[in-house]
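Read through the structure below, which is laid out as structure tokens, and then see the notes.
Read-outs: derived from the displayed coordinates by stated rules, not from any lab. All figures in this text were calculated on a predicted structure; none of them were measured in a lab. Neighbour counts are summed over all protein chains in view; Cβ atoms, including those assigned to glycine, are modelled from backbone coordinates with ideal geometry.
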2 protein chains.
Amino acid sequence: MAEPGSNDTYHHGNLKETLMNNCLKMIEEKGVSGFTLREVARISGVSPAAPYHHFRNKTELLTAVSVMGFGMLDEAQRKASQQFDNPGDKLRSLGRSYVMFAVNHKVYFHVMFRANREPLWENEQVINAAKQALGHLENTIRELYPESEEGNDNHFKAAVLTCWSMVHGLASLWVDGPLRATEPGKLDIEELIDIILSQSMTHKNF
Amino acid sequence: MAEPGSNDTYHHGNLKETLMNNCLKMIEEKGVSGFTLREVARISGVSPAAPYHHFRNKTELLTAVSVMGFGMLDEAQRKASQQFDNPGDKLRSLGRSYVMFAVNHKVYFHVMFRANREPLWENEQVINAAKQALGHLENTIRELYPESEEGNDNHFKAAVLTCWSMVHGLASLWVDGPLRATEPGKLDIEELIDIILSQSMTHKNF
DNA sequence: AGACGTATCTTGACAATGTTAAGATTCGTT
DNA sequence: AACGAATCTTAACATTGTCAAGATACGTCT
């Protein structure tokens, strides 16, 4: 199952990338729990031990996917904030972008924030990637709450936490299932986003 | 490893309960991914096949734990709402209770909302238990947004979704790790709760 | 009390998984 | 051309989830 461009040789060529892609594909089909290193190797046309030359273990593959996901979120947030000048508009744009990222990239979101790898948030790469992606939100809120001279940043911190919790909560409830399961009838996520944005992130507060 | 009261006989006596308890213990120590049916059986002093007489498979054990967790959340929410008469106070009490449940019962929260069992939210027991636990929040918000005659419940629904997202987001960010990982210094969850409650659930909005 | 159906537990087995060690093949550089 | 490093394979190991078949105890009915 070598790539179209590459010769079908002993060496795969770009196995690392292929493994990550097939990992995503497999999680999409069978869920995070159904994801198996051996099958990813099989699908990638390679022996069960081959992945170990690119990732220390199964967890590290997921970690790599996670870091990549945060990179994508970072990019999405960057674009979202660039679309507006007014901080309030920026903020709402960032919120919408955050939730839509989770909705449109369920698998990434799962791997980034769930994936039941407990020591995930002790990995520096992940932490840094996450900080960077979250930076856009902080920068925007900073415009609304300029740094005070006495280092009293409570209002700023409160606003950041509130906004993050808000969008992350909606994203989680949607992606994980509870919202769709407990609410009868069809739900349109874009509507829901507008609802919480207009409820909590309007000029009343910002 | 029979219970103190029971004779050490061929039959365990209350294996189902023992398995659930040891399941929680094991997840607490090794995380959801480190949880193993065989070891739970081993710890419970029983053969690897014994659990299959009480749960159809590994997933069903987790499902049972999940349902139990929602029962506990329901109870906590009930108590929290009983402490106040004023709907606004009730609402804040419910929010605090929701987050503190997640913090104090990490394992349950994980199993209830994560646990990477994808078809979890297709289980009716789980859905019903979740609906019931969520009912307290809805009832309280209903007091603030009485049912309109034209069935236009948008304000009500918006408020429910906003509150739920808010507290669920904070709980998730705390329990899963990102908040503690990205924020430098020690964090006090009780402070954080007060922050988001005063930011979003004060009389300004309710 | 005794007999019998049922619930509960054990033993033994199977395929599948994560992971490692040892060896084979190719790449890149000198 | 040669050699070390990178990449891949084969073979093996312990462990896991799960099931079938058999053993043991419990409760109930007469």
> In sequence order, what are the phi-derived ³J(HN,Hα) couplings for segment B:106-113 according to the Karplus relation 6.51 cos²θ - 1.76 cosθ + 1.60 with θ = phi - 60°, rounded to whole Hz, with x for glycine and proline?
Replying inline: 2, 4, 4, 4, 4, 5, 5, 10
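Quick check on segment B:1-106: take the gyration tensor over C-alpha atoms, sort the square-rooted eigenvalues as a ≥ b ≥ c, and tell me if it's rounded (a/c under 1.5), prolate or oblate.
Details: a/c = 3.14, a/b = 2.32, b/c = 1.35.
Prolate, because a/c is 1.5 or more and a/b exceeds b/c.
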> Given segment B:56-183 reduced to its alpha-carbon atoms as identical point scatterers, what log10 I(q)/I(0) does the Debye formula return at q = 0.17, 0.20, 0.21 Å⁻¹?
Replying inline: -0.92, -1.16, -1.23
>> Among B:Ala171, B:Ala129, B:Ala50, which one shows the highest mean-square fluctuation when chain B is modelled as a Gaussian network with alpha-carbon springs under 10 Å?
In response: B:Ala50
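Loop by DSSP (not H, G, I, E, B), at most 14 other beta-carbon atoms within 10 Å: where is the longest site-free stretch of chain B for GluC sites (Glu not before Pro)? Kindly include the intermediate steps, with their values, before the conclusion.
Details: sites that count: B:Glu147, B:Glu149, B:Glu150.
Counting at most 14 other Cβ atoms within 10 Å as exposed, the longest clean stretch of chain B is B:1-146.
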>> Give me a comma-separated list of calculated 3J(HN,Hα) values for segment A:28-43, in order, Karplus coefficients 6.51, -1.76, 1.60 applied at θ = phi - 60°, integers in Hz, x for any Gly or Pro.
In response: 4, 7, 10, x, 4, 6, x, 7, 10, 4, 4, 6, 4, 4, 4, 4
> Given the pairs A:Lys16/B:Lys186; A:Lys79/B:Lys186; A:Lys16/B:Lys25; A:Lys30/B:Lys58; A:Lys131/B:Lys157, which span a C-alpha to C-alpha distance of over 28 angstrom in this model?
Replying inline: A:Lys16/B:Lys186; A:Lys79/B:Lys186; A:Lys16/B:Lys25; A:Lys131/B:Lys157
> If we hang a label 7 Å off Cα along the beta carbon direction at A:Glu17, how far is it from the matching labels on the other copies, in nm, shortest first?
Replying inline: 5.8
> What are the nm distances, shortest first, from B:Phe84 to its equivalents in the other copies, labels at 7 Å along Cα→Cβ?
Replying inline: 3.0
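Using only atoms on other chains, find how many Cβ atoms lie within 10 Å of each Cβ of peptide A:27-33 and report the average. Working shown, then result.
Working: counts 2, 0, 0, 1, 4, 6, 8.
Taking the mean over all residues of the peptide, I get 3.
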> In nm, what does the list of distances from B:Glu150 to its counterparts in the other copies look like, shortest first, when each label sits 7 Å along Cα to Cβ?
Replying inline: 4.9
>> With every atom except the alpha carbons ignored, what do you get for Rg and Dmax of segment B:67-109, in angstroms?
In response: 10.5, 32
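Does the protein assembly as shown come out rounded, prolate or oblate by the C-alpha gyration tensor, with a ≥ b ≥ c the root eigenvalues, rounded set by a/c under 1.5 and, if not, prolate when a/b is larger than b/c and oblate if not? Let's see the in-between values first.
Numbers: a/c = 1.88, a/b = 1.13, b/c = 1.67.
Because a/c hits 1.5 or more and a/b fails to exceed b/c, the protein assembly as shown counts as oblate.
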> Listing A:Thr162, A:Thr202, A:Thr59 from the residue with the fewest other Cβ atoms within 10 Å to the one with the most, what is the order?
Replying inline: A:Thr202, A:Thr59, A:Thr162
>> Quick one: 3J(HN,Hα) in Hz for segment B:57-65, Karplus 6.51/-1.76/1.60 with θ = phi - 60°, rounded, Gly and Pro as x.
In response: 6, 4, 4, 5, 5, 4, 4, 4, 4
> Counting alpha carbon pairs within less than 8 Å and at least 6 residues apart, what relative contact order, in whole percent, applies to chain B?
Replying inline: 20 percent
> Among the residues of chain A, which one places its Cβ closest to the rotation axis that maps chain A onto chain B, and what is that distance in whole Å?
Replying inline: A:Gly169, 1
> Computed on alpha carbon atoms, what radius of gyration and Dmax characterise segment B:112-184, expressed in Å?
Replying inline: 15.7, 50
